[in-house]
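As structure tokens, the structure follows; a few thoughts come after it.
What follows draws every value from the coordinates through simple rules; no lab data is involved. None of these values were measured; they are calculated from a predicted model. Please note: Cβ atoms are built from the backbone with ideal geometry, for glycine as well, and neighbour counts cover all protein chains shown.
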Amino acid sequence: MQNNSFSLTINGEKVLIQDCSPTLTLLEYLRHSGRVGTKEGCGDGDCGACTVAVVGQGADGRPQYLAMNSCLIPLATMAGREIVTVEGVGKNGLHPVQTAMVSLGGSQCGYCTPGFIMSLFTAYYKNEVNDESLEGNLCRCTGYLPIRRV
Ligand code: FES
Ligand code: FES
């Protein structure tokens with residue numbers, strides 16, 4: 001394998017990356033490869049629209065999910081890693097955080113929604129669904145109250 005080629009796992013699927021530019025971000029790669037559920041807002045780490053879950057392993061061997069802004073992550077640093085995007089969260093039917101977001105009216109224009117879902121998804125598995133788990137996500141529509149009810 002060439003030095004600038006590597007693989008990573010996205011939503012359970014192994015993906016080979018070839019001739020990777022060192023400046024290409026994970027967000028750019030996701031969107032250019034058709035995974036457009038992950039949104040670009042600020043492109044600068046401030047809005048949370050681009051949030052994905054990076055998969056790690058806890059001390060008990062179970063998966064741990066870390067919410068990260070994909071606009072700040074060089075794709076090459078994800079070599080060998082596993083990530084989950086919003087497409088992966090819902091691929092076997094709505095996840096409980098998605099069901100709650102829908103039933104509590106937490107989405108209006110929807111642009112921020114994938115990022116909120118990813119932050120809620122990671123918080124769900126840490127039993128930490130609270131205001132702090134959403135402090136990296138901005139919404140211009142809802143006034144936050146419906147989202148906070150999730
Ligand atoms: S696009 Fe705003 S934090 Fe990444
Ligand atoms: S629902 Fe429109 S920005 Fe949040």
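Quick rundown of the values:
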quantity: The chain, helix-only ellipticity at 222 nm - DSSP H runs n ≥ 4, -39,500 (n - 2.57), divided by all residues, nearest 500; calculated: -6500 deg cm²/dmol
quantity: Within straight-line cross-link reach of residue 126, lysines at Cα separation under 23 Å, skipping those fewer than 8 residues along the same chain; calculated: 91
quantity: Total formal charge among the other residues, if their Cβ is under 14 angstrom from that of residue 114, Lys/Arg +1 and Asp/Glu -1; calculated: +2
quantity: Selected from 59, 76, 67 as most flexible by GNM, with the chain as the system and alpha-carbon contacts under 10 Å; calculated: 59
quantity: Debye equation applied to the C-alpha atoms of the stretch 1-67, log10 I(q)/I(0) at 0.29 Å⁻¹; calculated: -1.30
quantity: Extreme residue, positive dipole direction of the stretch 6-149, given options 77, 64, 92 (C-beta unit charges); calculated: 92
quantity: Choice from 27, 138, 16 showing the highest fluctuation, given a GNM over the chain with Cα pairs closer than 10 Å; calculated: 16
quantity: Rounded D (µm²/s) - the chain, Kirkwood Rh over Cα pairs, Stokes-Einstein at 20 °C, 1.002 mPa s; calculated: 136 µm²/s
quantity: Principal axis dimensions, the stretch 54-111 - Cα atoms, whole angstrom, descending; calculated: 36, 29, 18
quantity: Spin-label pair residue 42/residue 11, simplified geometry with 7 Å Cα→Cβ offset, distance in nm; calculated: 2.7 nm
quantity: Of all DSSP beta bridges in the chain, antiparallel share, percent nearest 5; calculated: 85 percent
quantity: Excluding exposed DSSP-loop trypsin sites (Lys or Arg not before Pro) (at most 16 other C-beta within 10 Å), longest clean stretch of the chain; calculated: 1-80
quantity: DSSP-loop GluC sites (Glu not before Pro) across the stretch 41-150, with at most 13 other Cβ within 10 angstrom; calculated: 128, 135
